[in-house]
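These notes are about the structure you will find just below.
Readers should treat all values here as calculations from the given coordinates under stated rules, not as data from a laboratory. Just so it is clear, the model here is predicted, and its values are computed rather than measured. Don't worry about glycine lacking a Cβ; one is built from the backbone with ideal geometry, like all the others, and counts go over all protein chains shown.
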């Protein structure tokens, strides 16, 4: 389901109360003009899944959901490192690599890398 | 007084390159902070720059203990994107090979786990021998010992050799006998019981909240297995029972994996009986891949370490975005909560029982 | 405590499983993927192997053959993953992977194998 | 007269030292080979026949390396204590009686040995604490805490032996086993002594000081290669001492038919050592707090029970 950024916390809290208590993954897709953030959540009782999607403008920040899903910790850190999305409401440390040699957000489409690594 | 110890990145029981900053109060752990990223290779980005079938061998290197499981996950995602359904026999062939891969992976874990508990490589060498026999069998099928690259769209690259069934049954009989020996060797050892029972307890609610997967989740009493709940291939035709323990300690995690290996033996036996004759070969590799039908795919597979998921946004010849949910990654994030309050020596019992592959964590 | 010790003593009587490597070698199946072999005569210089290689292992270089100067694949073994895609994509089956898997060099540059060396 | 006894002393010192080196070397090879066999491996193969010279090659390699003393280490303590430890164990072996009146036969040998033996954890503590590494420090602490758990049962189980023999002289103890070795007479005492000895020898399941998977190498984590060679020598000498004590106190020492006494003693010592090696190949490591609990709740009552039984059954 597609929601707005402001509704995120509210909707996720609602869902987690109604049984969607397991966070499978948080990921994002870079569509160059905007980012889409997707929360995959699952109901552990009846094994139903729900995707919560929201669009982010470039440079916009994302509220943390760590109070609802404890497992969001690493995913949010990964998101902020890989896509350069700032996370509101918590202190986000670098997860994988302390410094990318001036290059930020490696999974963004504008990430520059040597042409010799491209193939095919 | 608190002491901070830096464990790793080069340490005998961090299984690769994991750095833990451990804060100790006497012998009790106050906090564990994992520092990861030493093995980061950016597989997701690499896949964005390669054609669909080129990335398969990269996917295998995500989890070098069970490579075939990952290549199957990736190829299944590509198949779904292109609307290709695997052939009937290919489903059986894949299932058999994947279950063999699962046994091999769990065997390596068992040996490494005993090492973490302080054994001098005895169990490790025993399980390595058994794993080697499985790898020899897989080598006969695929042509390589570790990185198989044998999944193709709609099937496998090489069909099972004619004498495969006989070899496999012989190997399974041998493995069944060995598992009994291992159970006596470990469970009759009071020191092993002492080191694993009531160590690193992860309760059911915490397990769900922390999002752990696979054997770790099942050891905490959550009856969830992708092989049953999102049945793929022919798992629903075979009598498959997910192994669940309720205690949630290191011993329960050991027990789940031990039982899973036995369950896999049963699965392979059933599959070998039911396997239809015919053709299991998939499409050969071409310079141009078939047209993509779906714009977004979500594929789940039960990898040996837990639930693996691929979310792929497709483009014409290559993925636009490939997101991999790595089971070790999320299991590692639970370490901090499990290890709190444990003894320093138990940190490695817990770490070992989570079955981490650092390449899988860092991707 | 006694049962595990008996298990250990039982294994003392069993055969060794490891091999003393340089003297005895592992058996390999026919479809083993080892070092590359190029049949220069049948190669049609199509460059499919270069394009399919996920790791830029293969580059087409000029080589002198009996039929004059042609573009033939050169292999950088430092980058090779032995995935076997080049073998599968080769239209004339001239680039194959052999059973030989031993390659050690004292000089890194020697890992780049010219087409003439791929035998 | 004086020169005569002095000359004999020199010969004895050299003979026993050769014995120590012989045992250490053969045992080192035997341990590697037998553990390899238990793990489907070959073990050392290339240097010498069946790899018998592999250990020599290793020693040469270790001694040829640079000796590094870490910056944070207390240099004096760090560089002398391992040697002191070696000297202690060699000296302890000199205190043991050997057949054919080799070795020093003092009347309170048993007491002297166990008093001096309890210095070893302290010396290990000193090395560990002096190296300025946190892993070593933890190991050093463990060393002292561990000794609380096993020293008391160890001495109590030995006390039962002394009680039965009516002497602290080890030669007398051996001679009083002429009919039946003590392992048959007091099996409980033997089990307690064997387990406590495993802890003393730093052998699994009690190798907490050198815990490989937790503390990397414990108190040896920062020592340079030559000192590591010394530590290995200490380890095997300690092993020799332990297996000698087991065979002298419980297996009847040098008493045995047909073969000369020294050969019997060595055979028994090797048997005890191989049993310890099989234990090593089998079990996983114990935890410190569990070891304390085990020592005080199981070993100590058993040792006391053993003394009471010995007193009731045998001592007139």
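Here are the numbers for this structure:
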read-out	value
Model label zone, residue A:17; criterion: amide N under 17 Å from point 7 Å along Cα-to-beta-carbon; scope the stretch A:59-80	A:67-69
Three semi-axes of the equivalent ellipsoid, the protein assembly as shown, Cα gyration tensor, whole Å, largest first	57, 33, 27
Cβ crowding within 10 Å averaged over residues, with D:250-259, D:12-21, B:303-312, D:58-67 ranked highest first	B:303-312, D:250-259, D:12-21, D:58-67
Helix A:72-83 axis, angle to chain A major axis (alpha carbon atoms, nearest 10°)	30 degrees
Inter-chain shielding of B:153-161 (mean C-beta neighbours from other protein chains, 10 Å cut-off)	1
Cα centroid separation - the stretch D:238-316 against the stretch D:1-52, whole Å	21 Å
Helix-only mean residue ellipticity at 222 nm for chain A, each DSSP H run of n ≥ 4 adding -39500 (n - 2.57), per residue, nearest 500	-5500 deg cm²/dmol
Cα gyration tensor, the stretch B:203-348 - rounded (a/c under 1.5), prolate or oblate	oblate
Cα gyration tensor category, rounded, prolate or oblate, for the stretch C:19-117 with a/c compared to 1.5	prolate
Point-to-point label distance, residue B:193-residue D:289, nm (Cα→Cβ direction, 7 Å offset)	2.0 nm
Shielding by other protein chains, B:209-221, mean Cβ within 10 Å	3
In range of the label at residue C:79: residues from the stretch C:23-61 whose backbone nitrogen is under 13 Å from the point 7 Å along Cα→Cβ	C:50-61
Where a label projected 7 Å from the Cα of residue C:111 along Cα→Cβ would reach, residues of the stretch C:11-41 with amide N under 16 Å	C:35-36
Kirkwood Rh (inverse of mean 1/r, distinct Cα pairs), the stretch B:2-362, angstrom	20.9 Å
Length-normalised contact order of the stretch B:257-341 in % [C-alpha pairs under 8 Å, at least 6 apart]	17 percent
Theoretical FRET efficiency, 1/(1+(r/R0)^6), r = Cβ-Cβ of residue D:305 and residue D:262, R0 35 Å, to 0.05	0.50
Angle between chain B longest axis and helix B:67-82 axis [Cα atoms, degrees, rounded to 10]	50 degrees
Sites residue D:15 and residue D:116 - FRET efficiency at Förster radius 22 Å, r taken between beta-carbons, to 0.05	0.55
Per-pair calculated FRET efficiency, R0 = 30 Å: residue B:6 and residue A:86 via Cβ, rounded to 0.05	0.55
Sequence ranges A:74-80, C:1-7, ranked by mean other-Cβ count within 10 angstrom, highest first	A:74-80, C:1-7
222 nm mean residue ellipticity, helices alone, for chain D (DSSP H n ≥ 4; -39,500 (n - 2.57); rounded to 500)	-22500 deg cm²/dmol
Whole-angstrom gap from the stretch B:172-239 to the stretch D:137-203, using each part's C-alpha centre	42 Å
Shielding by other protein chains, A:32-42, mean Cβ within 10 Å	2
Most mobile listed residue (D:293, D:285, D:41) in chain D, GNM with C-alpha springs under 10 Å	D:41
Theoretical ellipticity at 222 nm over chain B - DSSP helices of four or more residues, -39500 (n - 2.57) apiece, nearest 500	-15000 deg cm²/dmol
Computed over the stretch A:12-93, Cα set: Rg, Dmax in Å	12.7, 38
Pairwise label distance in nanometres, residue A:105 with residue B:159, each label 7 Å out on the Cα-Cβ vector	5.1 nm
Sequence ranges C:38-45, C:71-78, D:230-237, ranked by mean other-Cβ count within 10 angstrom, highest first	D:230-237, C:71-78, C:38-45
Between helix C:2-12 and chain C: long-axis angle, C-alpha atoms, 0 to 90°, nearest 10	50 degrees
Among B:345, B:90, B:112: highest mean-square fluctuation, GNM of chain B, C-alpha pairs under 10 Å	B:345
Relative pair counts by distance (%), Cα atoms of chain D, 10 Å bins	6, 25, 34, 25, 9, 1, 0
Computed over the stretch D:178-316, Cα set: Rg, Dmax in Å	17.2, 55
Inter-site label distance for residue D:52 and residue B:320 at 7 Å from Cα along Cβ, in nm	7.4 nm
